[in-house]
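Notes to accompany the following structure.
The values are calculated or read from the model by the stated rules, or taken from the named source; none is laboratory data. These figures come from a predicted structure and were not determined experimentally. Because the Cβ atoms are built from the backbone with ideal geometry, glycine has one as well, and the counts that use them run over all protein chains shown.
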Amino acid sequence: MTTTQDQIEEQIVRLLTEVKSVTLATVHHDGSPLASYTPFSENDEKNGLWILVSDLAGHAQNLDRSKECSVLVIRDEQDSAQVYVRERLQYEMDAAECPRDDSRWNEGVAALRDRHGGLVDTLTSLGDFRLFQLRPQTGRYVVGFGQAYELKAGSLSVVDHHLQGPTGPQKD
């Protein structure tokens with residue numbers, strides 16, 4: 001049975017709904033990598049993610065400086081039939097801080113509160129927490145061997161095409 005593009009996009013939306021945090025890759029000022037994680041929420045336009053991070057954490061400082069990151073949304077190992085083919089989304093993203101006096105601040109905080117609860121209000125009352133909007137530049141969805149899809153530029157979930165290797169589907 002062939003999976004349609006609409007079905008694949010529904011799977012992507014389901015993964016974004018069910019997984020509550022992302023693995024975040026940023027780069028320190030000296031070029032060394034930093035892997036971390038943070039809870040997220042989609043923005044209202046469904047074309048980016050909101051994250052609320054402490055300035056005490058290296059990833060906030062890295063995002064402020066470089067504006068680029070890589071994000072991984074991945075299905076839990078316990079919910080995967082095979083560890084080598086865990087369902088996952090990977091995005092290259094640009095980060096834009098939304099200062100507290102920016103109109104997007106309330107939108108982002110509300111989206112995070114709706115998804116993660118009242119702790120968001122406590123965190124936003126602390127002066128070191130910063131809101132960033134992450135906007136996808138490129139993305140890839142992998143759901144199994146030979147089942148990898150390039151996402152439309154600037155989209156979290158719209159499939160552009162099925163990735164093909166030199167002799168058939170790409171093994172990712």
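A compact table of results
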quantity: Every residue from the range 110-131 that is farther than 21 Å from Val13 by Cα and either in contact with a Gly (Cβ under 8 Å, 6 or more places away or on another chain) or surrounded by 15 or more Cβ atoms within 10 Å (Cβ to Cβ) (or both); calculated: Val120, Leu123, Thr124, Phe129, Arg130, Leu131
quantity: Flag for Ser41 being surrounded by 14 or more Cβ atoms within 10 Å (Cβ to Cβ) and in contact with a Lys or Arg (Cβ under 9 Å, 6 or more places away or on another chain); calculated: yes
quantity: Number of positions in the range 82-102 that are surrounded by fewer than 17 Cβ atoms within 10 Å (Cβ to Cβ), touching an Asp or Glu at 6+ places or on another chain (Cβ under 9 Å) and hydrophobic (A, V, I, L, M, F, W, C); calculated: 1
quantity: Residue pairs meeting the criteria (Cβ under 8 Å; at least 6 apart or on separate chains; first under 16 Å from Ala148 (Cβ atoms), in the range 71-87; second in a helix (DSSP H, G or I) and not acidic (Asp, Glu)); calculated: Val73/Leu15; Val73/Leu16; Arg75/Leu15; Glu87/Gln11; Glu87/Leu15
quantity: So Ser21, is it surrounded by fewer than 17 Cβ atoms within 10 Å (Cβ to Cβ), free of Cβ contacts under 8 Å to residues at least 60 places away in the same chain and under 14 Å from the mean Cα position of the chain (by Cα); calculated: yes
quantity: Output for the range 4-56, where each listed residue is charged (D, E, K, R) and farther than 18 Å from Asp114 by Cα; calculated: Asp6, Glu9, Glu10, Asp30, Asp55
quantity: Failed item in (1) in contact (Cβ under 8 Å) with a residue 12 or more places away in the chain; (2) closer than 22 Å to Gly139 by Cβ, with Arg65 passing the rest; calculated: (2)
quantity: First in the range 105-120 and in contact (Cβ under 8 Å) with a residue 40 or more places away in the chain and farther than 13 Å from Gln133 by Cα, second anywhere and surrounded by fewer than 16 Cβ atoms within 10 Å (Cβ to Cβ) and of a type outside the set (Gly, Ala, Ser), Cβ under 8 Å, 6 or more apart; calculated: Arg115/Lys20; His116/Lys20
quantity: The listed residue being at pLDDT below 95 and either within 19 Å of Glu18 (Cα to Cα) or assigned to a helix (DSSP H, G or I) (or both), out of Arg113, Arg140, Arg65; calculated: Arg65
quantity: Hey, Leu15 within 19 Å of Gln133 (Cβ to Cβ) and within 16 Å of the chain's Cα centre (by Cα) or not; calculated: no
